[in-house]
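K.L.:
Please see the structure below; I have some questions.
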Amino acid sequence: MRNLNELTNVDLNRNQVRIVSMHVGEFIKNEFDELYIDIEKKSPEIISQKHPLVEELRINENYLDKSKYLIVLAVDGGRMQMFDLISPKKKMRWVETKIFRISIYDKNNLCDVSCDKDDGKNQKKYKSARLISGLTSYGATNRNWENTGPLIISHLYMRGIKPEDIEVCISDGSVHILQKIFLPLFPKSVHILDYYHKTEALHKCLKTNKALEKIQKLKKYLWEGKIDDIVRALKQIQLKEGKPDEKKEKVMIQR
C-alpha cells in the first residue's frame, strides 16, 4: 500500500487500494484474454508483437544457441485466500495461483554449488551453469491448469523463445504440472522434480513401521534418479506389508 501511495502521490486507505488493485487486475485479465484467443487463431509472431513489453522481453537470438546457453522453465502452484468484495457480504474463497519462471544460464561460465543432503553429512559440490542476471522473467495466473499452458507458451514467444528451445523443466512433480503442461507442451525437455517434495511422497507410500525402516535406501535411490528401482521396491513392500494405512497420521520428515 505504501508503494502505491508513493507512486500516485495520493494518500489511499486500504479499501481504496483494494479497489485500484481489482481494476488493475481486471485490465491485466482482459489483456491476457485476448492473448488466449490469439494463441488459437494467430501465429506466435503476431502474439508477441501485440504485447506492450515485447521489446523489453525479447532476448538476443544468440541465447538460443544450446551449445552455449541453457533455457529453463520452472512452474509451481499454491493456494491462497481471496475475498469477494462485490457481494453484500464479504466472502472468502481459495484460489490456486500458478507461477512460472523463464531463466537462462551460461554453460561456459560455471560456478560451484554445494548441497547438504538430508542431515548435512553428505555434502557434495557440483558444477553448475551460471544464471545470467537480468534475463529472468516471471508470470502468474489464477486460471486453471489447462489455460496456464497457453499462457506460458505466449510468454515464451514474447521473449523470442520457442517451446523446443526449453531444455529443462523444473517442478515439484505435481500431476497437474506434469500431465497438463510439461509432458504435452515440452515432451523433449529434461524434467527435473524437486527432491524434497518427492521424499514426502515416499513417506506417504510408507506408513507402516516396517516399511519406514527402508526409507533411507529409497531416498538414496531418489537422489540418484533411480526411479525404476524405487517403483520395484515399493511394489515389493506392498506385497509384504500391505497397502499404506490411510488413517495413520502423516509422517513428518526431517530434511
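K.L.:
Can you tell me how many residues in the range 157-177 are at pLDDT 85 or above and touching a Ser or Thr at 6+ places or on another chain (Cβ under 9 Å)?
P.N.:
10
K.L.:
Got a sec? Which of Lys247, Lys235 is at pLDDT below 85, over 26 Å from Gly77 (Cα atoms) and part of a loop (DSSP other than H, G, I, E, B)?
P.N.:
Of Lys247, Lys235, the one residue that is at pLDDT below 85, over 26 Å from Gly77 (Cα atoms) and part of a loop (DSSP other than H, G, I, E, B) is Lys247.
K.L.:
Could you tell me whether Glu224 is loosely packed, with under 14 Cβ neighbours inside 10 Å, assigned by TED's automatic domain parsing to the domain that holds Gly78, within 27 Å of Leu73 (Cα to Cα) and not β-branched (Val, Ile, Thr)?
P.N.:
no
K.L.:
Return only the number of the condition from (1) at pLDDT 70 or above; (2) closer than 28 Å to Tyr105 by Cα that Val20 does not satisfy.
P.N.:
Looking at each condition in turn, Val20 falls short on (2).
K.L.:
Take the residues of the range 163-176 that are of a type in the set (Asp, Glu) and not in a helix (DSSP H, G or I): which is farthest from Asp194 (Cα to Cα)? Don't jump to the end; show me each part of the working.
P.N.:
Residues of the range 163-176 of a type in the set (Asp, Glu): 164-165, 167, 172.
Checking which are not in a helix (DSSP H, G or I) leaves us with 167, 172.
Numbers: Glu167: 17, Asp172: 5 Å.
So, considering only residues that are of a type in the set (Asp, Glu) and not in a helix (DSSP H, G or I), the one farthest from Asp194 (Cα to Cα) is Glu167.
K.L.:
Given the conditions (1) modelled with pLDDT of 75 or more; (2) of a type in the set (Asp, Glu); (3) under 19 Å from Asn144 (Cα atoms), report the number of the one that Asp65 does not fulfil.
P.N.:
So the condition that Asp65 fails would be (3).
This table checks each residue for (1) touching a residue at least 40 places away in the same chain (Cβ under 8 Å); (2) crowded, with 18+ Cβ neighbours inside 10 Å; (3) touching a Gly at 6+ places or on another chain (Cβ under 8 Å); (4) in a strand (DSSP E or B).
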{"site": "Ser133", "(1), (2), (3), (4)": "no, no, no, no"}
{"site": "Glu146", "(1), (2), (3), (4)": "no, no, no, no"}
{"site": "Gly149", "(1), (2), (3), (4)": "no, yes, no, no"}
{"site": "Ile153", "(1), (2), (3), (4)": "yes, yes, no, no"}
{"site": "Ile161", "(1), (2), (3), (4)": "yes, yes, no, no"}
{"site": "Leu178", "(1), (2), (3), (4)": "no, no, no, no"}
{"site": "Tyr196", "(1), (2), (3), (4)": "yes, no, no, no"}
{"site": "Lys204", "(1), (2), (3), (4)": "yes, no, no, no"}
{"site": "Asp229", "(1), (2), (3), (4)": "no, no, no, no"}
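K.L.:
Determine the pairs where a residue that is among the charged types (D, E, K, R) and exposed (fewer than 11 other Cβ atoms within 10 Å of the Cβ), located within the range 14-31, has a partner that is outside any helix (DSSP H, G or I) and modelled with pLDDT under 75 with Cβ atoms under 8 Å apart, the partner being 6 or more residues away or on another chain.
P.N.:
Arg14/Met1
The values are calculated or read from the model by the stated rules, or taken from the named source; none is laboratory data. Being a predicted model, the structure only gives us computed values, none of them experimental. Counting neighbours? That spans all protein chains shown, and the Cβs are built from the backbone with ideal geometry, glycine included.
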